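Each value in this text was obtained by applying a stated rule to the coordinates, not by laboratory testing. From a predicted model like this one, the values you see are computed outputs, not experimental measurements. Cβ coordinates were reconstructed from backbone atoms using ideal geometry, including for glycine residues, and neighbour counts include every protein chain displayed.
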Amino acid sequence: MTGKIQKYSDASLYALTRVIDAADRLYASTAEFPDDPACWSDHMEALDSALEGCPGTSAYYHAKRRRENNPSETITVCSACLQASCWQGIFYCDDYKTAGTVEKTRADLEALALESSDYWTRDSE
Ligand SMILES: [Zn+2]
């Protein structure tokens, strides 16, 4: 076991496993049906979606931009302070123990301007 391997978190190992699995399926189907894209388009999409889970890749960046450009996307926030960072447990408000959650659109949250949009991600990584 090298020190380098230990630096990966469980989340990034999971993302890496998904990428390897998707890439291998794509490889297998293109090897078997090289002239028939219909046979491997699903695997191609699976690889795209797996890469979107890997921070630092261009697929991840483009997926993030797509989300940011969709003002009707809803974000789960704390019902007391209307902040996602509270609901995610990053910064708790005074009422977090009794508060529930509400869904707010990205446009609503932008108008409120209570916190950085960095917290408005769907995936809880
Ligand atoms: Zn709160």
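Here are some notes:
- The C-alpha atoms of the chain define a longest principal axis, and helix 10-32 lies at about 30 degrees to it.
- Computed from Cα positions, the angle between helix 37-52 and the longest principal axis of the chain comes to roughly 40 degrees.
- FRET efficiency, 1/(1 + (r/R0)^6) with R0 22 Å, evaluated for I90 and E110 via beta carbons: 0.70
- A straight chain from Y61 to T101 at 0.36 nm per residue would run longer than the Cα-Cα distance by 11.6 nm.
- For region 21-125, taking the reciprocal of the average inverse distance between every pair of different Cα atoms yields a Kirkwood hydrodynamic radius of 16.0 Å.
- Taking θ as phi - 60° and the Karplus parameters 6.51, -1.76 and 1.60, the scalar couplings of region 104-120 work out to 10, 6, 4, 5, 4, 5, 5, 5, 6, 6, 8, 7, 5, 5, 4, 7, 8 Hz in sequence order, x denoting glycine and proline.
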